[in-house]
Amino acid sequence: MSDQAQRLRDMINTMKKQRMYENNKEADLEVEMKEEVHARVITITSGKGGVGKTNFTINLGLALRKLGYRVTILDADLGLANIDVVVGLIPKYTLAHVIRNEKTIEEVIVEGPEGIKIVSGGSGLSELVNLSEEQLSNLIHSLKSLGRSADFLLVDTGAGINHSVMSFVHATNEIVLVTTPEPTSITDAYAMIKNIVSQDKDKKIRLLINRIENNQEGAAIFEKLNTAAQRFLNVSLEKLGYLYDDASVSKSVKSQVPFICNYPNSLVSQGVFTIASRIINEANGEIYQVGSFKRFMNRLFHGYR
């Protein structure tokens, strides 16, 4: 009986090896393949400020972390970086220090709640346009560790459609666009969608409707934006989910403790966990995970130049 079990295990292992080494690749390619599996990059953006984008980013990162995944957050808001407002951390160093060879990327990373990692882009991102090819190559090399040490890289951009924001948006395959029921927020969200699809109609844009009063309100807003996008831009949007307007959010901001940590059983916390599970379990997730980080880096830095 044990011989049969061993033969079965051997058969399974052989099948795995055959799939892994198809086309008669050398055995040491297994290591290279593992090195090529980088963080899945998701850029979180908004048409206007004040919609809860950064708060959502931090709490989504925490939800993914609590579900067993390694998470790094890149605070890419050049003007109003406010990760510290949500988690009570003020990064001492930014990517600017890495660019100037004053610090390594490991020295720039700060650890947040539950072990999530946070990197501040700061003014360093605006300096990318002036880098020599050698400096750019060195920076990309130093940042590869971010992709290898995380399962998810969440990029928290600024608001609006300026060059800095759009560089990150266009560099990423997966975009989460945050809006609220406010008319100005909806209008600016549509402007963002229009800008994105003007360069890439195949871009995956998912809507998060924040601060809703009920599901009907969220559904109505998604339908309004999706219908407009289909009619005038010839693209369809994806619904990521809704988050309720919850008093626990403002209380957590005041205490500088993310609401998932402070109020894990609140409606808004449960909503973020649902969204995190959806991201993890979506059928085509691995398409974005493999090579996502490398592709993101190349597009980002060349888009800045």
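The values are calculated or read from the model by the stated rules, or taken from the named source; none is laboratory data. As the structure is a computational prediction, the values presented were derived from the model and not from experiment. Cβ atoms come from the backbone with ideal geometry, glycine included; neighbour counts cover every protein chain shown.
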Yes/no for Lys254 being surrounded by 12 or more Cβ atoms within 10 Å (Cβ to Cβ) and either on the phi < 0 side of the Ramachandran plot or without any contact (Cβ under 8 Å) to a residue 40 or more places away in the chain (or both) | no
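Conditions tested, residue by residue: (1) at pLDDT below 80; (2) buried (at least 18 other Cβ atoms within 10 Å of the Cβ).
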residue	(1), (2)
Leu62	no, yes
Glu107	no, no
Asn130	yes, no
Glu133	yes, no
Asn138	yes, no
Lys144	yes, no
Arg148	no, no
Which of the residues belonging to segment 274-305 are part of a helix (DSSP H, G or I), modelled with pLDDT of 60 or more and surrounded by fewer than 19 Cβ atoms within 10 Å (Cβ to Cβ)?
-> Thr274, Ser277, Arg278, Ile280, Asn281, Lys294, Arg295, Asn298, Arg299, His302, Gly303
Could you tell me whether Asn210 is free of Cβ contacts under 8 Å to residues at least 60 places away in the same chain and polar (S, T, N, Q)?
-> no
Determine if segment 130-137 includes at least one residue that is part of a helix (DSSP H, G or I) and in contact (Cβ under 8 Å) with a residue 12 or more places away in the chain.
-> yes
Test: Phe222 is surrounded by 15 or more Cβ atoms within 10 Å (Cβ to Cβ) and out of contact with any helix residue (DSSP H, G or I) (no Cβ under 7 Å at 6 or more places or on another chain) | yes
Qualifying residues in segment 173-198 (those that are out of contact with any helix residue (DSSP H, G or I) (no Cβ under 6 Å at 6 or more places or on another chain) and of a type in the set (S, T, N, Q)) - the one surrounded by the fewest Cβ atoms within 10 Å (Cβ to Cβ) | Ser198
Give the residues of segment 202-219 that are buried (at least 19 other Cβ atoms within 10 Å of the Cβ) and among the hydrophobic types (A, V, I, L, M, F, W, C), sorted by residue number.
-> Ile205, Leu207, Leu208, Ile209, Ile212
Within segment 114-128, considering residues that are surrounded by fewer than 18 Cβ atoms within 10 Å (Cβ to Cβ) and modelled with pLDDT of 85 or more, the one farthest from Leu74 (Cα to Cα) = Glu114
Considering segment 150-171, residues that are part of a helix (DSSP H, G or I) and small (Gly, Ala, Ser), and then whichever is modelled with the highest pLDDT, we arrive at Ala171
